Amino acid sequence: MTPDDVLEALTTNFAGLIPKASWGETSLFYNPDGILPNGVYFCTIKEHDGANDRASQLDRPGVFRLAVGLPPARYEQMFGPRPARPSKGGVVSTADDFTATDVLMPHPVYAWMGWVQVLSPSAATFAEMQPLLARSYELAVLKYAASIAKRASS
């Protein structure tokens, strides 16, 4: 799959997602009515290394990262306790090879928040990720509804 394939699949299968591109990364926000300034973070597709995120070596030809946040309990069920937050420019401490492609693993920078990554997912791996993506989407929808309700009551 390519980054465009992933982006098209996500925006087709999950209604209300708004892509925002910046710094070599496309962030997908749930914001179906455009009421919130950005919306609620759902996932990212990143194609290049950043100043504080080089562990996955995304500047290799054809390599990109699909990253998504999981609920803490789901992350810990899959990968064990979340690692400590790394220092700026640092990498979380796990035994994972953050350069491996087509393998779901903790995110090298944001695993402490429950984020996971897969580099250059195959169609089969992307299909296997659908339940995780669906759960993260459900959480984004709930967070969006809570934000809208809070704004209405203010």
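The values are calculated or read from the model by the stated rules, or taken from the named source; none is laboratory data. Keep in mind it's a predicted model, so treat the numbers as computed, not measured. When we count neighbours, we look across all protein chains shown, and the Cβ atoms used for this are built from the backbone with ideal geometry, even at glycine.
Does residue 64 satisfy the criteria of being closer than 21 Å to residue 4 by Cβ and in contact with a Pro (Cβ under 6 Å, 6 or more places away or on another chain)? Judged against the criteria, residue 64 is a match. The residue of segment 12-28 that is modelled with the lowest pLDDT, among those that are out of contact with any helix residue (DSSP H, G or I) (no Cβ under 8 Å at 6 or more places or on another chain) and among the hydrophobic types (A, V, I, L, M, F, W, C), is 23. Pull up segment 7-46, narrow it to residues that are of a type in the set (Val, Ile, Thr) and touching a Ser or Thr at 6+ places or on another chain (Cβ under 9 Å), then point me to the one that is farthest from residue 62 (Cα to Cα). Out of the qualifying residues, it is 35.
Of the residues making up segment 12-54, those that are aromatic (Phe, Trp, Tyr), over 17 Å from residue 151 (Cβ atoms) and crowded, with 18+ Cβ neighbours inside 10 Å are 14, 42.
Scan segment 11-23 for residues that are outside any strand (DSSP E or B) and touching a strand residue (DSSP E or B) at 6+ places or on another chain (Cβ under 6 Å) and the total you get is 2. Per the listing 99, 125, the residue uniquely in a loop (DSSP other than H, G, I, E, B) and not basic (Lys, Arg) is 99. Of the residues making up segment 24-50, those that are in contact (Cβ under 8 Å) with a residue 60 or more places away in the chain, among the β-branched types (Val, Ile, Thr) and in contact with a strand residue (DSSP E or B) (Cβ under 9 Å, 6 or more places away or on another chain) number 1. Close contacts from segment 109-131, counting a first residue that is more than 28 Å from residue 84 (Cβ to Cβ) and a second that is of a type in the set (D, E, K, R) and modelled with pLDDT of 95 or more, with Cβ to Cβ under 9 Å and a gap of 6+ residues or different chains, come to 122/102; 123/5; 124/102; 126/5. Take residue 87 and tell me if it is assigned to a loop (DSSP other than H, G, I, E, B), farther than 22 Å from residue 18 by Cα, touching a residue at least 60 places away in the same chain (Cβ under 8 Å) and of a type in the set (S, T, N, Q). Spelling it out, it is not the case that residue 87 is assigned to a loop (DSSP other than H, G, I, E, B), farther than 22 Å from residue 18 by Cα, touching a residue at least 60 places away in the same chain (Cβ under 8 Å) and of a type in the set (S, T, N, Q).
Among the residues in segment 89-106, are any of a type in the set (D, E, K, R), under 16 Å from the mean Cα position of the chain (by Cα), surrounded by fewer than 18 Cβ atoms within 10 Å (Cβ to Cβ) and at positive phi? Checking segment 89-106: at least one residue is of a type in the set (D, E, K, R), under 16 Å from the mean Cα position of the chain (by Cα), surrounded by fewer than 18 Cβ atoms within 10 Å (Cβ to Cβ) and at positive phi.
Among the residues of segment 17-64, just one is within 19 Å of residue 135 (Cα to Cα), of a type outside the set (Ser, Thr, Tyr) and touching an Asp or Glu at 6+ places or on another chain (Cβ under 8 Å), namely 45. Looking at the structure I just gave you, is residue 60 in contact with a helix residue (DSSP H, G or I) (Cβ under 8 Å, 6 or more places away or on another chain), closer than 22 Å to residue 119 by Cβ, part of a loop (DSSP other than H, G, I, E, B) and not small (Gly, Ala, Ser)? For residue 60, the condition - in contact with a helix residue (DSSP H, G or I) (Cβ under 8 Å, 6 or more places away or on another chain), closer than 22 Å to residue 119 by Cβ, part of a loop (DSSP other than H, G, I, E, B) and not small (Gly, Ala, Ser) - is not met.
Just one of (1) of a type outside the set (Val, Ile, Thr); (2) modelled with pLDDT of 95 or more; (3) outside any helix (DSSP H, G or I) fails for residue 38. It is (2).
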